[in-house]
Amino acid sequence: MKSTLRSVLTATVFSAVLALPTFASQASVGEQAPDFTLTSIDGQTHRLSDFKGKTVVLEWVNPECPFVVKHYSSGNIPALQKSATDDGVVWLAINSGSPGAQGDYDPEKAAGWMESNEAAPTAYFRDQDGKVGRLYGAKTTPHMYVINPEGELVYNGAIDSIPSASKRDLAKAQNYVIAALAAVKNGHELERDQTQPYGCGVKY
């Protein structure tokens with residue numbers, strides 16, 4: 001049974017990798033993060049450049065993706081969001097699913113999903129035309145980016161080191177986002193500034 005489950009999870013990860021969209025991104029580690037403007041599900045308009053002077057996390061999300069479900073139902077991402085925002089970090093969750101795609105929740109349903117999972121991002125956006133997702137080259141849910149207070153993109157990649165949909169792997173995984181935020185806070189170079197993102201392909 002365990003080997004069968006592992007095979008299914010491996011196949012799921014492999015399928016997700018095969019499904020990664022391919023397009024040119026304007027977001028490069030070591031350079032200024034591309035600016036964008038989006039309206040959150042509570043009707044507030046936010047511009048990335050308005051947060052200059054603060055560390056920013058961008059998280060690509062799809063509430064129905066099994067990998068996202070793993071990180072939310074376990075409390076992993078909600079805890080990260082709360083810890084980061086309590087420390088002054090701006091956390092922006094972005095859903096780039098096209099209209100009617102899996103996980104493209106309307107504002108009310110998205111708000112309910114966040115409440116039920118005790119999610120705590122600074123804002124949750126619907127990027128239904130995929131403009132911001134393509135700007136950053138977002139491939140999976142989750143796909144994580146960290147931007148330092150100077151507006152420079154310093155991390156692009158996976159949330160952690162184990163590409164699986166199993167909650168049991170969380171305790172064994174190295175969390176790259178936690179490491180990136182700690183490095184930025186302490187003025188250190190990141191040991192890993194780019195990794196391979198894993199999860200469901202973004203539903204452009």
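What follows draws every value from the coordinates through simple rules; no lab data is involved. Model, not experiment: these values are computed from the prediction. Cβ atoms come from the backbone with ideal geometry, glycine included; neighbour counts cover every protein chain shown.
Couple of notes before you dig in:
- In this structure, the pairs whose alpha-carbon distance is over 18 Å, taken from Lys82/Lys139; Lys54/Lys172; Lys52/Lys185; Lys70/Lys172; Lys54/Lys185, are Lys82/Lys139; Lys54/Lys172.
- Residue order, fewest to most surrounding Cβ atoms within 10 angstrom, among Phe125, Phe36: Phe36, Phe125
- Three-way shape label, segment 2-201, alpha-carbon gyration tensor, a/c 1.5: rounded
- Reachable aspartates and glutamates from Lys167, criterion Cα separation under 16 angstrom, eight or more residues apart if same chain: Glu64
- The slack in the chain from Gln174 to Ser116, taken as 0.36 nm per residue of separation less the alpha-carbon distance, amounts to 18.2 nm.
- Amide N proximity, segment 55-90 versus Gln102 label position 7 Å along Cα-to-Cβ, cut-off under 18 Å: 60-73
- Amide H partners (placed H, <5 Å) of Lys54, local residues excluded: none
- One chain, two ends: Thr39 and Lys109. Fully extended at 0.36 nm per residue, the span grows by 23.6 nm beyond their Cα-Cα distance.
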